[in-house]
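The values are calculated or read from the model by the stated rules, or taken from the named source; none is laboratory data. Being a predicted model, the structure only gives us computed values, none of them experimental. All Cβ positions, even for glycine, are placed from backbone atoms using ideal geometry, and neighbour counts span all protein chains on display.
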Amino acid sequence: MSDLIRTAADWAAVVRARAAELGLSHFEIDQRAGLTLGHTNKIANGKKRPGAVTIERLCRALKLALRPVDDAE
């Protein structure tokens, strides 16, 4: 997973890919992240864009770290 995340909409692909890597269901991610039932599903399907607090929770649940990089684009 080396793609850059530039917008909140980019999280959909990240959530789907990381959930598959870890073998987690959307329900399990919701539970680990302390999100309401169905929230991860909405993000993964592009129906909802996560805010800062949700991104932090998703990172913790999906064992991801945010790292700023210089983006020449």
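Among residues belonging to segment 2-53 that are among the hydroxyl-bearing types (Ser, Thr, Tyr) and closer than 23 Å to Asp70 by Cα, point out the one that is nearest to the chain's Cα centre (by Cα).
Here is the first cut: in segment 2-53, the residues among the hydroxyl-bearing types (Ser, Thr, Tyr) are 2, 7, 25, 36, 40.
Going one step further and asking which of them are closer than 23 Å to Asp70 by Cα, we end up with 2, 7.
On the way: Ser2: 14, Thr7: 12 Å.
Of everything passing the filter in segment 2-53, Thr7 is nearest to the chain's Cα centre (by Cα).
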- Note on the structure: Cβ pairs under 7 Å, 6+ apart or interchain, first in segment 16-32 and free of Cβ contacts under 8 Å to residues at least 12 places away in the same chain, second buried (at least 16 other Cβ atoms within 10 Å of the Cβ) and in a helix (DSSP H, G or I), ordered by first then second residue, are Asp30/His39; Asp30/Thr40
- Item | Close pairs from segment 59-73: first under 18 Å from Thr40 (Cα atoms), partner modelled with pLDDT of 85 or more, Cβ under 6 Å, at least 6 apart | Ala61/Ile29; Ala61/Arg32; Ala61/Ala33; Leu62/Arg18
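Would you pick out the residues in segment 43-53 that are crowded, with 17+ Cβ neighbours inside 10 Å and more than 14 Å from Thr7 (Cβ to Cβ)? Give the derivation first.
Our first condition is that a residue be crowded, with 17+ Cβ neighbours inside 10 Å; within segment 43-53, this holds for 43-44, 48, 50.
Answer for segment 43-53, where residues must be crowded, with 17+ Cβ neighbours inside 10 Å and more than 14 Å from Thr7 (Cβ to Cβ): just Ala44.
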